[in-house]
Amino acid sequence: MALTAMSIYKNLPKTNCKDCGFPTCMAFAMQVAAKQKELTACPHLSEQAKGEFSEASAPPMKLVRVGGAGAEGFEIGQETVMFRHEEKFHHAPAIAVKIAAALSDGDAAARLDAINKAQWVRVGQQLGVRAAALELDGLPADKAAARAKALAASSRVPFILMAKDAGVMGAAVGAIAGKRPLIYQASATNADAFIKLALGHKCPLAITADSLESLADLAKTAKDRGVSDLVLSLDAKNPAKTLRQLAIARRAALKKSFRALGFPAMVDASLDNPARETVMASAFAAKYAGIVIVNGLEASELLPILTTIQNVYTDPQVPNIVETKLYEIGSTTPDSPVLFTTNFSLTYFCVAGEVERSKIPAFICVVDSGGLGVLNAYAGDKISPEKVVKTLEAQKVPDRVKHRRLIIPGLLPSFRSEIEETSVWKQVLIGPENASGIPAFLKQHGKQ
Ligand code: SF4
């Protein structure tokens with residue numbers, strides 16, 4: 001039964017108390033109808049309404065949190081579409097880096113330190129490793145517990161505890177249960193003990209099986225026993241098969257409402273070949289893993305994966321723009337050079353990053369191009385010399401600098417004469433076509 005917002009609303013208390021985080025009961029009902037919230041998020045629901053509507057109104061894919069509240073953890077799942085253009089993807093996959101059991105305590109701590117530092121800013125967003133996958137098999141239980149406890153104390157990210165032995169896993173989970181690690185992974189051989197651990201410590205549980213059918217059976221068993229924060233774990237021995245299984249599981253959950261596979265998925269993509277690992281991890285993250293485990297910790301290995309995730313999980317319904325205003329890069333003075341660019345985020349951050357790299361403080365006037373890059377904005381008539389001049393005036397740029405030199409994008413050479421003829425900007429310099437040429441250009445032309 002597809003529930004409408006109105007049918008859900010009729011069964012809510014209608015007090016608009018906001019305890020669910022929404023301003024009104026109707027706003028909450030609309031989120032439930034859109035499968036973005038679970039009905040149980042309203043703490044004042046009658047038992048009768050819970051019984052009647054909970055199952056039907058539950059999102060087709062469970063939202064699962066790994067780690068503590070706030071920035072100490074991350075959420076995966078609760079996706080609603082197969083393809084991004086149908087709406088958007090909601091929870092970007094987390095990249096987890098493995099810490100091998102064979103490492104000494106000192107080397108394990110050094111690797112965690114590198115994981116903590118594996119963060120970059122791209123297009124104004126913070127990207128980085130979001131989990132540490134701690135291998136424990138082979139360690140005695142007391143040593144596994146001590147290592148988990150010691151590393152967790154200085155970790156920026158939550159943990160995925162990797163062990164097959166229930167005794168080892170139990171000791172490690174017990175040591176850091178408050179940090180809500182992901183227990184990885186229950187299989188046919190250890191499911192009973194691992195389900196008990198997940199229940200006892202209130203931690204999410206990854207489950208695995210030889211086939212999707214067996215995985216669905218195991219999910220149902222775990223759920224019936226009270227563990228609902230599940231992650232479907234697939235191996236990457238046969239990448240083509242893994243990608244097929246990821247797509248089949250997602251389609252079964254979203255299109256067929258098959259609840260037993262309605263959980264986020266994860267793949268251990270760790271390989272000894274860094275290039276192959278990067279390619280495979282990017283593919284799994286794009287379709288449709290919620291967590292991908294890798295070995296690589298170099299920027300050259302992680303950034304391609306993180307960039308893929310950033311691109312795929314950008315909301316296509318929201319223009320990717322920055323605020324239209326005058327930006328100051330570095331300690332500007334009235335002699336600093338002035339550039340202009342468009343308000344497309346990628347364009348702006350490329351230009352700003354290169355200006356920063358030049359170490360020459362500069363003003364960047366951002367012109368409203370409707371979120372388009374330079375050439376598209378020009379082709380679509382979203383930017384013109386007149387608009388540039390008006391924007392410079394509106395942002396009071398002539399008052400900020402003593403000179404009248406303006407650096408324009410190299411892709412818009414035709415703007416030069418009109419700007420020089422119609423404005424105070426009497427010296428217009430045609431900059432480089434690519435942002436990468438900005439540092440050299442500023443070194444040559446940017447100083448007075
Ligand atoms: S918590 Fe329940 S009663 Fe309160 S506003 Fe939300 S839906 Fe309405």
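The values are calculated or read from the model by the stated rules, or taken from the named source; none is laboratory data. Here the structure is a predicted model, which means the values were calculated and not measured. A quick note on method: Cβ atoms are made from the backbone with ideal geometry, for glycine too, and the neighbour counts reach across all protein chains shown.
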Exercise for the section: Filter region 391-448 down to residues that are part of a loop (DSSP other than H, G, I, E, B), of a type in the set (S, T, N, Q) and out of contact with any Cys (no Cβ under 6 Å at 6 or more places or on another chain) and give me whichever is nearest to Val374 (Cα to Cα). Expected result: Asn434
Exercise for the section: Report yes if some residue within region 314-328 is surrounded by fewer than 17 Cβ atoms within 10 Å (Cβ to Cβ) and among the hydroxyl-bearing types (Ser, Thr, Tyr); otherwise report no. Expected result: yes
Completion exercise
Only one of (1) among the β-branched types (Val, Ile, Thr); (2) assigned to a helix (DSSP H, G or I); (3) surrounded by fewer than 24 Cβ atoms within 10 Å (Cβ to Cβ) does not apply to Val121, and that is (2)
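A quick yes/no check of all residues on (1) at pLDDT 95 or above; (2) in the same structural domain as Lys390 (by TED's automatic domain parsing); (3) under 22 Å from Leu112 (Cα atoms):
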| residue | (1), (2), (3) |
| --- | --- |
| Gly262 | yes, no, no |
| Ala286 | yes, no, no |
| Glu298 | yes, no, yes |
| Val338 | yes, yes, no |
Completion exercise
Taking region 35-51 and keeping residues of a type in the set (Gly, Ala, Ser) and away from the ligand (no atom under 11 Å from the Cβ) leaves Gly51
Completion exercise
Residue hits (region 10-25; more than 6 Å from the ligand (Cβ to nearest atom) and under 17 Å from Lys50 (Cα atoms)) are Lys10, Asn11, Lys14
Problem - Residue ID - farthest from the chain's Cα centre (by Cα), chosen from residues in region 207-235 that are in a loop (DSSP other than H, G, I, E, B) and buried (at least 18 other Cβ atoms within 10 Å of the Cβ) - result: Ala209
Practice task
For region 179-209, name all the residues that are of a type in the set (Lys, Arg) and under 14 Å from Leu161 (Cβ atoms).
Solution key: Lys179, Arg180
Handout entry: Leu412 being assigned by TED's automatic domain parsing to the domain that holds Pro337, farther than 25 Å from Thr333 by Cα and surrounded by fewer than 17 Cβ atoms within 10 Å (Cβ to Cβ)
Key = no
Completion exercise
Within region 21-55, residues in contact (Cβ under 8 Å) with a residue 24 or more places away in the chain and closer than 11 Å to Ile8 by Cβ come out as Ala29, Met30, Val32, Ala33, Ala34, Leu39, Cys42, Leu45, Ala49, Glu52, Phe53
Practice task
Take the residues in region 293-308 that are of a type in the set (Val, Ile, Thr) and crowded, with 16+ Cβ neighbours inside 10 Å, then tell me which one is nearest to Thr347 (Cα to Cα).
Solution key: Thr308
Fill in the blank from the handout: Restricting region 320-351 to residues that are outside any loop (DSSP other than H, G, I, E, B) and of a type in the set (Val, Ile, Thr), the one farthest from the chain's Cα centre (by Cα) turns out to be Val338
Problem - Qualifying residue in region 352-375 (condition: at pLDDT 95 or above, assigned to a loop (DSSP other than H, G, I, E, B) and among the acidic types (Asp, Glu)) - result: yes
Problem - Unmet requirement for Tyr184, which otherwise passes all of (1) out of contact with any strand residue (DSSP E or B) (no Cβ under 7 Å at 6 or more places or on another chain); (2) surrounded by 14 or more Cβ atoms within 10 Å (Cβ to Cβ) - result: (1)
Handout entry: Asn311 surrounded by fewer than 21 Cβ atoms within 10 Å (Cβ to Cβ), under 15 Å from the mean Cα position of the chain (by Cα) and without any contact (Cβ under 8 Å) to a residue 40 or more places away in the chain
Key = yes
